[in-house]
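Everything on this sheet refers to the single structure shown next.
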Amino acid sequence: MGTSVQLTPLCGVYSENPLCYLLSIDGFNFLMDCGWNDLCDTNLLQPLSKVSSTVDAVLLSHPDMLHIGALPYAIKHLGLSAPVYATEPVYRLGLLTMYDYYLSRRQVSDFDLYSLDDIDSAFQNVTRLTYSQNYHLSDKGEGIVIAPHVAGHLLGGTVWKITKDGEDVVYAVDFNHRKERHLNGTVLESFVRPAVLITDAYNALNNQLYKRQRDQEFLEAILKVLRANGNVLLPVDTAGRALELLLILEQYWSQQHLTFPIFFLTNVATSTIDYVKSFLEWMSDSIAKSFEHTRDNAFLLKHINLIINKSELENIADVPKVVLASMPSLEVGFSHDIFVDWATEARHAILFTERGQFGTLARMLQVDPPPKAVKVTMSKRIPLAGDELKAYEEDQERIKKEAALKASLSKELRAPQGSDANAGDAMVIDASSSHISADVAASRIGGFRDIFMDGFAPPAASVAPMFPFFENSAEWDDYGEVINPDDYIIKEEDMNGASAQGFGGDLDGKLDEGSAHLLLDTTPSKVVSNELTVQVKCSLIYMDFEGRSEGRSIKSILAHVAPLKLVLVHGSAEATEHLKEHCSKHVCPHVYAPQIEETIDVTSDLCAYKVQLSERLMSNVLFKKLGDYEISWIDAEVGKTNDMLTLFPVSSTPPTHKSVLVGDLKLADFKQFLASKGIQVEFAGGALRCGEYVTLRKISDFTQKGGTVAQHVIIEGPLTEEYYQIRELLYSQFYLF
């Protein structure tokens, strides 16, 4: 019986909604991503709320809202308390993404779904893993190994491989096989024949231009607007695909010596780039090699201005410029406000680099033909003034007086009980001394503001303690010491100072100063909103820079991976059905596309059994190291020991078996090996030409169903000394059994 595997979609199937899936492996529940949309629609989280308490671990794949947006809310409100696993960039950039979204919302509304503390709390216990690191779970997850691999979509983006009893379950959504300026392509193609592959159909119907042609059209479109004295707005995410766009613009501006200013405008722009500079080992090979040889960091941006406030943009002279601003949906953030400012002038352009989420302003503007006018809500937070401020201050003063009066009355009512009522108790409280000294009172409201608690005070007749101490003479009641709340109120200036030092959790103080000021600003304020009808006269351009594999490549990759069972999620109904039909014919017979809250059983059909090796057998077994495993050929008889299948040495001479070569030959590696042995070798027509007459080729057989893909290595050539030498070197790359 194979490993038991069930999948229940909680969000993001037969639609482009955020991604969230419950994956159960032998009873251990993984939550695969925890996304939300920019509208913060709580109805999308209803399925998650029903199962969040049963989740044993959360695996995050990408640092954007569609993959991590609901994590703080789920932990605060839905009872999600499982450990979270992610790569270092997904953790760091995901945290900044959540900060940026929270700040954008707070600037225009009384956002209360979660707070900054909730964001910090959600991310502070994330376990960070490196690519290809095998992490062994414990306790309930004993025997399960998780490992992140390169997805190629966003920095730190992950294809998760979950292994149990030798069977692999691969979760690969939003992958990209193309190598880009700052990212390598996905390694999904290196996985062959996993038991279950979970992937998306988001781009199944889309085709893309060649990268060079796409980049050229992108730059030409921008320059055309700039040279016509217009501005270009690119609504982008906080720390995802924006990084690729920044590098494209930076490199082209540097090569062409252009002087048009470029601005990267988010609430955490400088923090984002500061962190990205330290993630070079997670980027493409070309960036890593360039830094290794020249010490040039690709993200030392010389032509990009990092700003965190729209007022900085308004203070700049009215010259043609490019602005990359968050959020991509145009629902909130700086991009929303800039769109309203620029949309009414034909000389400007809005350039979308990704499809907008359903129901958002960006998606509305991307329809063909685009609308000529749209209704938008303009909101801003303004300080209270005049009568409103006076009323607010009076209300706050009234609240303080009521609290003080309540505390005073409570103190007077309970004062007589302080000395007499507790006289016979085991804990003797001495309340006969005078009031607390000024020094001690000061120590309570300053410094560390510790709360002093009395222990077992000695009776009046006892000898004074050896060490100096202050005997607390505070009044007590049945519930403890009677306190004055005013003594424990932290002064506003102290609060701001302490918060500024500790703000940002594990971000090492790298949050932008302006963003920190916004969060720590305690000035009374209110949100003022008004609806506008914006006449859309500017150019609206869409170019695909989402960084996902397109339909043709997805089909090719799935055919190469050839999973035993395939599950399709996240994509429009049309795209999902199209890919399902194709894969049923050309990839594998078991293709699933479940609905929301529909649990499907994708347990492997492989006949796998757990057995133990007897001591007598183990003493004669010789293991050989092969990658992360040790292998050996065993001839044994099956028996039982304490109801456990056990292998024992055979009672008679075992029959002979055909020679078995174990290993995975990579022709590129073998080419280097032969060259090191002095043999002339080159690639020709997909084969390896060795020496003068010998040819080596590798053929994979994908026709088998339910088993491992057969790989054949064919060596051709006349039976010469060179042939036998190359064959011997080929055998040395395998283990022979």
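Ranking TRP160, TRP633 by solvent-accessible area of protein heavy atoms (1.4 Å probe, all protein chains present), from largest to smallest, gives TRP633, TRP160. Note on region 11-107: with neighbouring protein chains present and a 1.4 Å probe, carbon and sulfur make up 44 percent of its accessible heavy-atom surface. Ordered by solvent-accessible area of protein heavy atoms (1.4 Å probe), largest first, the residues PHE191, PHE260 come out as PHE260, PHE191. Residues in region 358-383 near a label at ASN206, defined as backbone nitrogen under 19 Å from the 7 Å Cα→Cβ point? Residues passing the 19 Å test: 358-370. If the chain linking SER290 and ALA404 were pulled fully straight, counting 0.36 nm for each residue of separation and taking away their Cα-Cα distance, it would gain 34.5 nm.
With protein chains left intact and a 1.4 Å probe, residues in region 11-88 average 25 Å² of accessible area per residue.
Accessible surface computed residue by residue for region 185-246, with neighbouring protein chains in place and a 1.4 Å probe, gives 36 Å² per residue. Of all the accessible heavy-atom surface of region 289-344, with the other protein chains kept in place and a 1.4 Å probe, what percent is carbon and sulfur? Looking at region 289-344 in its full context, I get 46 percent from C and S.
Can you order the peptides 391-404, 274-287 by their average number of other Cβ atoms within 10 Å per residue, highest first?
The peptides rank, most packed first, as 274-287, 391-404.
Rg and Dmax of region 98-174, based on Cα coordinates, read 17.0, 52 Å. Computed over protein heavy atoms with a 1.4 Å probe, the accessible surface of region 527-600 works out to 44 Å² per residue. With the convex hull of its Cα atoms as the shape, region 292-395 has an orientation-averaged projected area of 12.5 nm². Each of TRP342, TRP36 has its accessible area taken with a 1.4 Å probe; listed largest first, they run TRP342, TRP36. Under Stokes-Einstein, with the Kirkwood radius over Cα pairs as Rh, the value for region 158-221 at 20 °C and 1.002 mPa s is 153 µm²/s. Peptides 576-585, 205-214, ordered by how many other C-beta atoms sit within 10 Å of their residues on average, highest first, read 576-585, 205-214.
Between THR259 and ILE679, what length comes free when the chain is fully extended (0.36 nm per residue of separation minus the Cα-Cα distance, one decimal in nm)?
145.8 nm
Net length available on complete extension from LYS666 to ALA346 is 109.6 nm, with 0.36 nm assigned per residue and the Cα-Cα distance removed.
Going down the table (LYS76/LYS526; LYS277/LYS537; LYS161/LYS666; LYS585/LYS625), which pairs top 28 Å between alpha carbons? In this structure, LYS277/LYS537; LYS585/LYS625 exceed 28 Å between Cα atoms. Highest average first, the peptides 117-127, 22-32 ordered by how many other beta carbon atoms sit within 10 Å of their residues are 22-32, 117-127.
Calculate what fraction, in whole %, of the accessible area of region 235-280 sits on carbon and sulfur atoms when a 1.4 Å probe is rolled over the protein chains. Here it works out to 48 percent.
The values are calculated or read from the model by the stated rules, or taken from the named source; none is laboratory data. Owing to the predicted nature of the structure, the values given are computational and were not obtained by experimental measurement. Cβ: placed from backbone, ideal geometry, glycine included. Neighbour counts: every protein chain shown. Protein only, heavy atoms only, side chains kept; ligands, DNA and RNA dropped before computing areas. Shrake-Rupley method; radii C 1.70, N 1.55, O 1.52, S 1.80 Å.
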